[in-house]
Amino acid sequence: MKTFILFFLGVILLTACAERTTNKELEIQPNILLLVGDDIAFGDLGAYGSEISTPNMNRLADAGVRFTNFHASPVCSVTRAMLMTGCNNIEVGLGAFDYSFYPPTKGVPGYEGYLTKNAVSISELLNDAGYEVYKSGKWHLGGEALGGDGPLGWGFTKEFGILSGGSNHWNNLAMTPDFSDPNGLDVKRKEHFTLNGDHFERPEGIYSGELYTEHMLNFIKQGYSENRPWFAYMAFTTAHFPIQAPPELIDKHYQKYLDLGYAGLKKSRYESLKQHGLITETAIEPLFNDITFKWESLSQSEKEIQAKVMATYAAMIEDQDNRTGQILDYLKESGQLNNTLVIYLTDNGPEGFEATHPKTGNPEMAKWIATQFDQSFEAVGTANSEHTIGVSWANAATGGLQWWKWFIGEGGIRVPMMIVPPGAFSGNYSRAGEISNAVISVKDLPMTILDYAGIEHPNTSYKNRKIVMPSGITARPFIEGTSDIVRSESDWYAFELFGNGYIMQGNYKAIKVRKGMFGDGEWHLYDVVADPSEMKPLEAEMPDKFKTMKSLYQAYASAHNIMEVDQSWNPFKAASE
């Protein structure tokens with residue numbers, strides 16, 4: 001009996017030790033919270049000098065590092081493909097944007113318009129490593145009729161939301177008509193919501209931010225109760241059109257935008273970005289963009305509607321900030337915040353699509369909006385309105401930058417991004433509150449996540465499928481203060497979409513924009529740190545640098561079989577084809 005008791009006690013002791021070891025390992029393996037805003041400008045957050053109050057984004061900025069030279073792609077799904085894989089967009093099926101295909105690219109490898117299986121996603125790798133892997137919000141990388149797979153086909157263990165690029169923020173209606181339906185312009189169609197792969201009947205009257213956050217918090221709470229590390233991909237649909245928001249958040253912003261107008265907001269944001277060190281003292285105020293409108297050209301009633309639209313857009317950002325605060329507060333209360341890597345970014349610059357615009361509009365979309373929605377002043381922000389902020393507010397929102405979503409000017413691709421490493425919320429982080437102009441790409445974020453999770457990328461083979469080796473670089477040495485850079489000049493990267501291309505090498509950017517997208521079809525060189533508004537071309541001053549960068553881009557385009565696009569092609573007009 002004595003021997004049995006001693007043996008029994010020994011088993012209990014060994015089991016307890018094993019449990020303590022497992023718990024200790026889980027404490028070391030960080031949770032990962034990836035927050036992605038939708039169609040939000042570089043100058044839209046309080047942490048980036050905006051007049052819009054974002055105290056919870058400010059919490060991230062104060063605890064971690066704010067990046068001011070971070071580049072995403074100019075459109076949603078393309079950014080998300082690079083964010084999930086660390087690869088170039090053309091390598092993983094997103095050489096084309098699903099809402100606007102250049103016809104000759106259809107059926108060409110690399111231009112599928114959805115995430116292809118010749119890549120491995122970080123969600124798959126995290127799942128393999130024992131993480132619970134959650135997604136709430138938009139997916140926009142494929143699934144069902146879109147082609148490709150939804151989140152559950154990419155390693156996510158729980159998911160909620162939509163497969164498409166956006167939807168009504170108050171109900172289950174889609175944000176665009178079915179252009180393929182002969183009667184599509186005369187009806188509103190429904191968006192398909194899923195919960196863990198099954199159809200979900202989306203309740204009416206609950207705002208998108210509240211709905212998506214509630215589901216994400218439920219997922220996180222379940223993972224915490226099971227003592228599992230988790231990766232949470234919180235993909236907000238704010239501030240993507242339709243511009244809708246809780247009414248109690250709208251009114252307080254209205255008078256401000258009515259007083260400022262387009263040019264007033266652009267100038268105030270430019271000055272604020274410079275004052276807060278978010279663009280350099282050498283930054284030049286951008287010139288008037290001649291496809292935007294002058295405030296003075298609007299009637300009083302038009303000004304009032306436009307001011308309320310921008311106020312609603314501000315309210316959408318404020319709601320996103322509130323939802324971010326909900327998640328951070330829960331993590332703090334449950335003791336998880338200090339063991340969580342938090343990354344916030346937006347997927348591209350602000351949406352300048354404007355259905356009735358003579359140059360960037362779409363007549364079919366304009367007809368659908370005019371016949372199916374109430375566009376009056378009173379209806380702005382409600383479920384029965386379908387506004388976008390349009391070219392003029394989008395241009396204003398970027399402050400000291402030029403252009404917006406769809407374009408590869410800095411206003412379309414330079415967006416807010418903040419990283420708070422595990423432990424930083426304790427107040428012992430040496431880089432807390434730092435503003436950095438280190439060159440960093442969206443491709444670098446998945447590699448940073450894998451590094452913090454202690455996961456090695458399998459390089460070119462994953463579970464018997466051949467995959468593309470990522471070209472992203474981990475930012476962990478920079479985040480932890482062992483390096484002053486993320487990318488050296490030898491770590492250049494290139495990008496192409498809609499026939500427009502650019503290459504970043506250090507602080508220099510060589511860029512070519514087609515005439516069909518309001519460029520001159522020629523290459524130019526800029527120092528986008530000293531000159532973020534891209535007003536001072538340097539090709540004549542730095543011919544050798546210019547030649548080298550063009551050659552690197554041309555080699556990249558050739559190696560990836562990037563197709564030439566007709567100079568006159570307009571992707572906005574093609575959006576309904």
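We did not get these values from a lab; they are worked out from the coordinates using the rules stated. Every value quoted in this text rests on a predicted model; they were computed, and no experiment measured them. Counting neighbours? That spans all protein chains shown, and the Cβs are built from the backbone with ideal geometry, glycine included.
Structure data summary
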{"read-out": "The chain - share of DSSP beta bridges that are antiparallel (%, nearest 5)", "value": "55 percent"}
{"read-out": "Computed over the range 308-433: relative contact order in percent, which uses C-alpha pairs under 8 Å that are six or more apart", "value": "33 percent"}
{"read-out": "C-alpha long axis of helix 208-225 to longest principal axis of the chain, angle in °", "value": "10 degrees"}
{"read-out": "5 angstrom amide H check on GLY37, placed H, neighbours 5+ away", "value": "LEU345, THR346, ASP347"}
{"read-out": "Average Cα contact separation per residue, the chain, under 8 Å, 6 or more apart, as relative contact order %", "value": "23 percent"}
{"read-out": "Linear extension gain, ASN507 paired with SER558, 0.36 nm per residue minus alpha-carbon span", "value": "16.0 nm"}
{"read-out": "Residue-count net charge about LYS367 - beta-carbon cut-off 13 Å; Lys, Arg +1, Asp, Glu -1", "value": "-3"}
{"read-out": "Neighbour net charge for ARG189 - beta-carbon separation under 12 angstrom, K R +1, D E -1", "value": "-2"}
{"read-out": "Cα long-axis angle, helix 247-275 against the chain (0 to 90 degrees, to the nearest 10)", "value": "80 degrees"}
{"read-out": "Surface/4 estimate of mean projected area, convex hull on alpha-carbon atoms of the chain, nm²", "value": "28.3 nm²"}
{"read-out": "Signed unit charges on C-beta, dipole axis of the range 256-303, positive-most listed residue PHE288, HIS276, GLY264", "value": "HIS276"}
{"read-out": "Peptides ranked, highest mean first, by Cβ atoms within 10 Å: ranges 547-560, 59-72, 305-318, 455-468", "value": "305-318, 59-72, 547-560, 455-468"}
{"read-out": "Simple Cβ-charge dipole of the range 31-491, Lys/Arg +1 and Asp/Glu -1, about Cα centre, in debye nearest 20", "value": "640 debye"}
{"read-out": "Spacing of the two label points (7 Å from each Cα toward its C-beta) at GLN567 and PHE377, in nm", "value": "4.6 nm"}
{"read-out": "Charge dipole magnitude, Cβ of K and R +1, D and E -1 - the range 358-457, Cα centre, debye nearest 20", "value": "220 debye"}
{"read-out": "Charge tally in the Cβ shell below 13 Å around ALA530, where Lys, Arg are +1 and Asp, Glu are -1, ALA530 excluded", "value": "-3"}
{"read-out": "Calculated FRET value between ASP181 and GLU204, using beta carbons and R₀ = 25 Å, to 0.05", "value": "0.60"}
{"read-out": "Fewest-first sequence of ILE122, ILE220 by Cβ atoms within 10 Å of each Cβ", "value": "ILE220, ILE122"}
{"read-out": "Highest-first arrangement of 375-383, 76-84, where packing means the average Cβ count within 10 Å", "value": "76-84, 375-383"}
{"read-out": "Extreme residue, positive dipole direction of the range 31-491, given options PHE97, PHE478, THR340 (C-beta unit charges)", "value": "PHE478"}
{"read-out": "Violating pairs (Cα-Cα greater than 25 angstrom) within the set LYS138/LYS158; LYS308/LYS367; LYS274/LYS443; LYS515/LYS573; LYS221/LYS252", "value": "LYS274/LYS443; LYS221/LYS252"}
